[in-house]
Amino acid sequence: MNAELLKEGFLSVLDPLTLLLIVAGLVIGVFLGALPGIGSSMAIVLALPFTYFLDVVPAIALLVTIYVGSTYGGSITAILFNTSGTPESVATTFDGYPLAQKGQAGKALGLAISSSAFGGIFAVLVMLFLSPWLSQFALKMHSSEYFALAFLGMAVISSIGSENTIKAIISGLMGIFISTIGVDPITATDRFTFNSIELMNGISYIPIMIGAFALSEVFTQIVGNQDGDNGASSKIKVGAYKLREFLSYKWVALKSSIIGTVIGILPGTGGSIASFVSYGVAMRTSKNQEEFGKGSEEGLVAPESSNNAAAGGAMIPTLILGIPGSPTTAVILAALILHGLQPGPQLLTDQPILLYSVFFAMFIASVLTFVVGRFGIQIFELLLKLPYSIIATFIILLSLLGAFAVDNNIFNVWIMLIFGVVGYLMKIFDFSVPSLILGIVLGPLMEESFRRHLLLNNGNYMSFFHSPITVIILSVSLLAILLPLVFNKKTS
C-alpha cells in the first residue's frame, strides 16, 4: 500500500463538496432504504443523473454512501414494523421485530446502528490492506464452491421461524421451486410459465418479500386485534440504548463481519445472502439457540454486521476486477463507465487515488452512521405513538408502492397481495416465511452453480468432491440439517 496515495485519497475526500455529498448520500440512502421495495440499487439509480455534472471522486463518493445508508436504512422498518426495506434487511426482521415487541425497540435500533457501523468499518479496513489478495481468492472460487455456499445458507437456518424443522425445510423447498419459474438460465426454455408473458421473467422476490413479511404482519395484527386497542405498535417503546450493550456481542459482530466481507467479495452474491449465512452461523454457534427468532440480540447483531460488511466487500471485485460483487455494485460499475473510467486491474494504475477515495468515503459514512444514528433513535418513537390503524394504512401504501416500483408493473402488486395471504396462512400453520424467502433468494445461485458444474464435468456428480472447500462446506451443511432433526427426535 502506497502511503502517499493513501494520504492523497484521504485529502480528496475531505474536500468540502465531497464531504457534503457524503452526508447527503447517507441521509438519502437511509431514507430510501427504509422504504419497502426501493432498495440500494434503485436508490443509486435515482441519484445517478445528479452525478453527471460532478467530478468522478465526489460522484462516486455520493453513490457509495447511498449504498451504505440504504443498507442500514432497511433495518429501521424491519425492526419497527416487520417490513424489510431492503433485501439485505430480511434477516433483521427475524429478531429485530420480536425485540421491538418486547419493548426494546431502542435497544434493537441501537444494536443495528452499531453493528452496521462496525461491519462497514471492518470491510473498509479489509479493503485498504487486503484488496489485491482477496480479489485473487475470489477468482479461484468455482461453481461447486458457489453451490456449496448457497446450500450452506439454506441449511444453517432451516429451522428459522418455525418450531417444526420439517415444515421449515418444506418452506425452503417451496421457495426454491418458486425461484425456478421463468426462463431456464441454461437452456432458455420456459418453466412453469403457463404461457404467461409476466411469468417468463420469473417472479421477483421483492414483492414476495414485501407481501410475506409486511402485509402478512398487518393481517396478523388486524385479525388478532379484536379488542379495540392500537395493535402491536402501542406495545412497542423505543427506550434507551447504551454502547456497552453492543460491546458484549463484539465477537459475534467480528465473526459476522468476516463472513459478510468474504461473501461480498464473491461476484454475484451480495448482502442478502451474507446476512442469511451469518445469521445461521451465529445461531448454530450460540449458547442460546432457543432465543433465535424470538428476540435474540445476537440474531440482530449478526445480519446487520454482515450485510454492511458485504457492501464494502462487494466493492473489491467491482473496482479491482471490474466484476460486480452484487446487483448494487453493478449500478456503481455502470456509473464509473459513464464517467469515462474502466473498472478492473488497470484502475489501480490509472486512478489509484479514486480507489482510496472510495474506501475513505465508505469509512466516513460508516462512522457517521454510528454517530448521527444514535441521536436519531428517539425520533422513531413518534411513529410508534400513532394508532395502529394509521400505521397499517401507511405500511399497506408503502407495500403497494414498493411492489409496483420494482418493474413499474401491476403484476408485482398482485404477487405481493397473494403472498401477503400466503405469509399469513404460513404463520397460522407454523410454516417458515423466512425459509421461503431464503429459498427464493438462494435458489437461482444453487441451481445455476449446480448445473454449470455438471456441464463442465460431463455430468460427473463425484466431481463435487474434488474440491476440499466444497467438501468441507457441504459436510457442515449436512450436519446443520441432521442435528436438529436428531435432537428433536430424542426430545419428543
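The values are calculated or read from the model by the stated rules, or taken from the named source; none is laboratory data. Computed from a predicted structure; not experimentally measured. Here Cβ is always computed from backbone atoms with ideal geometry, including for glycine, and neighbour counts include all displayed protein chains. Accessible surface areas use protein heavy atoms only, side chains included; no ligands, DNA or RNA. Shrake-Rupley method; radii C 1.70, N 1.55, O 1.52, S 1.80 Å.
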Set Leu383, Leu397: member being on the phi < 0 side of the Ramachandran plot, at pLDDT below 70 and of a type outside the set (Ser, Thr, Tyr): Leu383
Does at least one position in region 288-311 carry a residue that is under 8 Å from the mean Cα position of the chain (by Cα), β-branched (Val, Ile, Thr) and surrounded by 24 or more Cβ atoms within 10 Å (Cβ to Cβ)? no
If you check every pair at least six apart or on different chains, which have Cβ atoms under 9 Å apart with a residue in region 13-37 that is open to solvent by 30 Å² or more (accessible area, probe 1.4 Å) first and a residue that is among the small types (Gly, Ala, Ser) and not in a helix (DSSP H, G or I) second? Leu35/Gly85
The residue from Leu247, Leu266, Leu215, Leu199 that alone is modelled with pLDDT of 75 or more and over 30 Å from Val413 (Cβ atoms) is Leu247
(1) buried (at least 24 other Cβ atoms within 10 Å of the Cβ); (2) not in a helix (DSSP H, G or I) all hold for Thr77 apart from (2)
Take the residues of region 220-232 that are buried (at least 17 other Cβ atoms within 10 Å of the Cβ) and within 28 Å of Ile440 (Cβ to Cβ): which is modelled with the lowest pLDDT? Ala232
So which of Ser179, Ser131, Ser162 ends up being under 23 Å from the mean Cα position of the chain (by Cα) and modelled with pLDDT of 85 or more? Ser179
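Let's see how each residue does on (1) more than 23 Å from the chain's Cα centre (by Cα); (2) modelled with pLDDT under 85; (3) within 20 Å of Phe276 (Cβ to Cβ); (4) surrounded by 13 or more Cβ atoms within 10 Å (Cβ to Cβ):
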{"position": "Asn412", "(1), (2), (3), (4)": "no, no, no, yes"}
{"position": "Ile415", "(1), (2), (3), (4)": "no, no, no, yes"}
{"position": "Ile428", "(1), (2), (3), (4)": "yes, no, no, no"}
{"position": "Gly439", "(1), (2), (3), (4)": "no, yes, yes, yes"}
{"position": "Leu455", "(1), (2), (3), (4)": "yes, no, no, no"}
{"position": "Met462", "(1), (2), (3), (4)": "yes, no, no, no"}
{"position": "Thr470", "(1), (2), (3), (4)": "yes, no, yes, yes"}
{"position": "Ala480", "(1), (2), (3), (4)": "no, yes, yes, yes"}
{"position": "Lys490", "(1), (2), (3), (4)": "yes, yes, no, no"}
For the structure I just gave you, tell me whether Leu348 is farther than 25 Å from Thr51 by Cα and at pLDDT below 70. no
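With respect to Ser84, determine if the residue is within 17 Å of the chain's Cα centre (by Cα), closer than 26 Å to Val218 by Cβ, of a type in the set (Ser, Thr, Tyr) and at pLDDT below 80. If you could, list the steps in order and put the result at the bottom.
Numbers: within 17 Å of the chain's Cα centre (by Cα): yes; closer than 26 Å to Val218 by Cβ: yes; of a type in the set (Ser, Thr, Tyr): yes; at pLDDT below 80: yes.
Yes.
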